[in-house]
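For reference, the structure is listed below as structure tokens.
The values are calculated or read from the model by the stated rules, or taken from the named source; none is laboratory data. Quantities reported herein were computed from a predicted structural model and do not represent experimental measurements. Here the Cβ positions follow ideal geometry from the backbone for every residue, glycine too, while neighbour counts run over all protein chains shown. Ligands, DNA and RNA are excluded from the accessible area calculation, which covers all protein heavy atoms including side chains. Shrake-Rupley method; radii C 1.70, N 1.55, O 1.52, S 1.80 Å.
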Amino acid sequence: MGQCGITSSKTVLVFLNLIFWAAAGILCYIGAYVFITYDDYDHFFEDVYTLIPAIIIIAVGTLLFIIGLIGCCATIRESSCGLATFAVILLLVFVTECVVVVLGYIYRAKVEDEVNHSIQKVYNEYSGPNTDAPSRAIDYVQRQLHCCGIHNYSDWRNTHWFKESKNNSVPVSCCQPSINNCTGTLTRPADLYQEGCEALVVKKLKEIMMYVIWAALTFASIQMLGMLCACVVLCRRSHDPAYELLVTTNSYA
């Protein structure tokens, strides 16, 4: 009965190691996705603290490749030292992912204040389509999120670019794609996106942070199962004489 239990635990461990390798790829992908997406929105917040969870996620993903290798070798060779190392590293990664979850919730709550503080400044720096990085960022966000202005298209009236251009028009990135020959003129407001960008940028950034949080929670649960299985194998190996005899016989064979 004990041998059957050990075999089952070892099978689960091998399966979990394969999951760790897959998880490593997924975590690195999520971290990279966060970096790429935040690069498109980085002009709307001044601090980079929101990237800390993504950095940790990428580091954890890289570490999971190593953990999977250690776990497979330790399980196949039935090494007590290897399994103990495997369990300890999993515990450290588990704690790290718990930290990611906490930081994710903290920084997610700060996103709205950061965007609210910076977005007016970004819109005031707009200097026309395809000019500088902040201007391209605004045009990109308005096209991607289907929005115009901070709260609505009328906010453009208060920007330096609108006052200097004196053509009573907003950027063409505010134009709905279904409208032909849209020039952004405020005489035809129905041609423009009606929703402001501030709320949508905050929503987008919070969604990205939630991806990080859920990824960390999911793989932390898997790692907890891996730690339990490693501990079961270690405990049964040290207390089950039949298992010790089986290992000794296999070693001499």
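General remarks:
- DSSP-loop trypsin sites (Lys or Arg not before Pro) across segment 86-174, with at most 13 other Cβ within 10 angstrom: LYS166
- The accessible-area ordering, largest first, of the residues TRP161, TRP214, TRP156 stands as TRP214, TRP161, TRP156, per a 1.4 angstrom probe.
- Modelled label positions at VAL88 and GLU207, each set 7 Å beyond Cα in the direction of Cβ, lie 4.4 nm from each other.
- Taking all protein chains together and rolling a 1.4 Å probe, HIS160 ends up with roughly 100 Å² accessible.
- Accessible area in the full protein assembly, largest first, 1.4 Å probe, for LEU145, LEU228, LEU205: LEU228, LEU145, LEU205
- Across segment 211-228, computed HN-Hα scalar couplings (Karplus, 6.51 cos²θ - 1.76 cosθ + 1.60, θ = phi - 60°) run 4, 5, 4, 5, 4, 5, 5, 4, 6, 5, 5, 5, 5, 4, 5, x, 5, 5 Hz from first to last residue, x flagging Gly and Pro.
- Over all other residues within a Cβ to Cβ distance under 13 Å of CYS197, the charged ones net out to -2, with Lys and Arg as +1 and Asp and Glu as -1.
- Here the extension length gained between SER154 and THR187 equals 10.7 nm, from 0.36 nm per residue of separation less the Cα-Cα distance.
- Nonlocal amide H pairs with THR185, under 5 Å, H built at 1.01 Å: VAL170
- Heavy-atom accessible area order for GLU114, GLU125, GLU97, largest first, 1.4 Å probe: GLU125, GLU114, GLU97
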